[in-house]
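Student: My questions all concern the structure below.
Rule-based calculations on the coordinates, nothing more; no lab input. In this text, all values refer to a predicted model and were calculated from it rather than measured experimentally. Positions of Cβ are backbone-derived with ideal geometry, glycine not excepted, and every protein chain shown enters the neighbour counts.
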């Protein structure tokens, strides 16, 4: 039997108590909801000391903790949640927001200035795509895309061909890509970022890790400067909260939190409390979802009415050695997201979707209930016909986020729905 060491506990063992002191909250075993806008100082000297730290007028002493001032700056529910989230990604710090898009937009506004370029992988989440193309452009910030399947040299070639070696400031990637599970090599993107980084010009690598959640992939370990989550998805996991999170070094997240204070888009105490509740079951939920996804994917692959299944568990070294290498290096699981092509087109896909009884026809992902949608007319409807064809977003493509239901019931629902096609 191994010796018990509280300093070596795994994240799932620390989700119930890390960062929380019951004696400060009347002995409550769970962190209360601190539904307050402001906090009382014991005396004027304490108020002065708290503000000195809040405005960066001095460094904290070895035993000093950041004092509570105002919930736009800090709140116990938010701080404890951020501390716990760092455990999964082994990050130095974390900033939580009221939505995934507020997290994404804040890091881009912090690290990009007029005249800078952001290089992003495609396909990309629709909200992010709109922000980099339609919103950042209004501030003189330019965006250039590269395909998820591009090699390191091809990504560098794009930078060289556009002559932006000294202007690219961020590489922003989403891996696996939505909805076809295309993989982007994080370490290759880090090499590109380092190639164009100088003492005066830092190129940041940001990774949207929503598809894999904090359990199955850890981008910071592969060189990312920032890892971004829509915490609405696996972290929240119950389709009842909207939130976002960003993790990284103390220096990087310190900058993000400073801008967050002035944009005012931090998560509130209710959001923090809900996410702390969800973190306690994160590993249990995600493990069950991954196991269910494997069984569902295997059923779909053998079905005569299914043309192709996009599931990371089917990658083999023989069929695609490069993607297999990335998968084995970056991920610890094939995840719980599956896309598949029904034989036919939109008509057949819609018949299948409309016939489902247990699975829910809805966008989003990572929740306890299984969700299914039609990317070409829903989440990716704003893609051009050319981009849809390039990325395999066909009229027959269906995307499924597998939940925690019994796998046999999920398969039975899919079976009866496919019989209607």
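Student: Can you say what percent of the DSSP beta bridges in segment 282-419, counting only those with both residues inside, are antiparallel? Round to 5.
Tutor: 85 percent
Student: Quick check: from the Cα gyration tensor, does segment 98-146 come out rounded (a/c under 1.5), prolate or oblate?
Tutor: Here segment 98-146 falls in the oblate category.
Student: Determine the gain in length on full extension of the stretch residue 37-residue 316; use 0.36 nm per residue of separation and subtract their C-alpha separation, reporting nm with one decimal.
Tutor: Here the answer is 95.1 nm.
Student: Could I ask something else about it? By how many nm would the segment from residue 70 to residue 386 lengthen if fully extended, with 0.36 nm per residue of separation less the alpha-carbon distance?
Tutor: Net length gain for the segment: 108.8 nm.
Student: On C-alpha positions alone, give me the angle between the axis of helix 346-355 and the longest principal axis of the chain, in degrees, nearest 10.
Tutor: It is inclined by approximately 70 degrees.
Student: For n ≥ 4 DSSP H runs only, could you compute -39500 (n - 2.57) per run for the chain, divide by its residues and tell me the 222 nm figure to the nearest 500?
Tutor: -11000 deg cm²/dmol
Student: Eigenvalues of the Cα gyration tensor times 5, then square-rooted: what semi-axes does that give for segment 197-334, in whole angstrom, largest first?
Tutor: Here the semi-axes work out to 32, 23, 11 Å.
Student: State log₁₀ I(q)/I(0) for segment 21-126 at q = 0.12 Å⁻¹ as given by the Debye formula over alpha-carbon point scatterers of equal weight, solvent excluded.
Tutor: Per q value, in the given order, log10 I(q)/I(0) is -0.61.
Student: I'd like the antiparallel share, as a percent to the nearest 5, of DSSP beta bridges with both residues in the chain.
Tutor: Antiparallel bridges: around 55 percent, rounded to the nearest 5.
Student: Considering the zone a paramagnetic label at residue 25 would reach in this model (a point 7 Å from Cα along the Cα-to-Cβ line), which residues of segment 268-282 have amide N under 16 Å from it?
Tutor: 268-281
Student: Taking the convex hull of the alpha carbon atoms in segment 294-356, what volume per residue do you get, in Å³?
Tutor: Per-residue hull volume (Cα only) is 101 Å³.
Student: How much of the DSSP bridge set in segment 76-278 is antiparallel, in percent, rounded to the nearest 5?
Tutor: 40 percent
Student: Could you identify which residue out of 367, 151, 102 has the top mean-square fluctuation in a GNM of the chain using Cα springs shorter than 10 Å?
Tutor: In the Gaussian network model the winner is 151.
Student: Pick from 136, 247, 53: which is most flexible by mean-square fluctuation in a GNM of the chain where alpha carbon atoms under 10 Å apart are linked?
Tutor: Evaluated over the chain, the most mobile residue of the options is 53.
Student: Quick one: if you stick a label point 7 Å off each Cα along the C-beta vector at residue 157 and residue 90, how many nm between them?
Tutor: About 3.5 nm separates the two model spin labels.
Student: To continue, here is another question. Over all distinct alpha-carbon pairs, what is the Kirkwood Rh of segment 116-184 in angstrom?
Tutor: 12.3 Å
Student: With label points built 7 Å along Cα→Cβ from the Cα atoms of residue 328 and residue 200, find their separation and express it in nm.
Tutor: 4.4 nm
Student: Additional query: Please compute the contact order of the chain in relative form: average sequence separation of alpha-carbon pairs under 8 Å and at least six residues apart, divided by the residue count, as a percent.
Tutor: 15 percent
Student: Once the Cα gyration tensor of segment 333-382 is found, what semi-axes does its equivalent ellipsoid get, as square roots of 5 times the eigenvalues, in whole Å, sorted largest first?
Tutor: Sorted largest first and rounded, they come to 18, 13, 12 Å.
Student: How much length is gained on full extension from residue 362 to residue 167, taking 0.36 nm per residue of separation minus their Cα-Cα distance?
Tutor: Contour length minus Cα-Cα distance gives 66.2 nm.
Student: Please report, largest first and rounded to whole Å, the three semi-axes of the ellipsoid equivalent to segment 76-278, where each semi-axis is the square root of five times an eigenvalue of the C-alpha gyration tensor.
Tutor: For segment 76-278, the ellipsoid semi-axes come out as 27, 18, 15 Å.
Student: What's the percent breakdown of Cα-Cα distances in the chain across 10 Å bins, shortest bin first?
Tutor: It works out to 4, 21, 30, 25, 14, 5, 1, 0, in whole percents.
Student: Relative to the compact globular guide of 2.2 N^0.38 Å, what is the alpha carbon radius of gyration of segment 282-419, as a ratio?
Tutor: For segment 282-419, the normalised Cα radius of gyration is 1.03.
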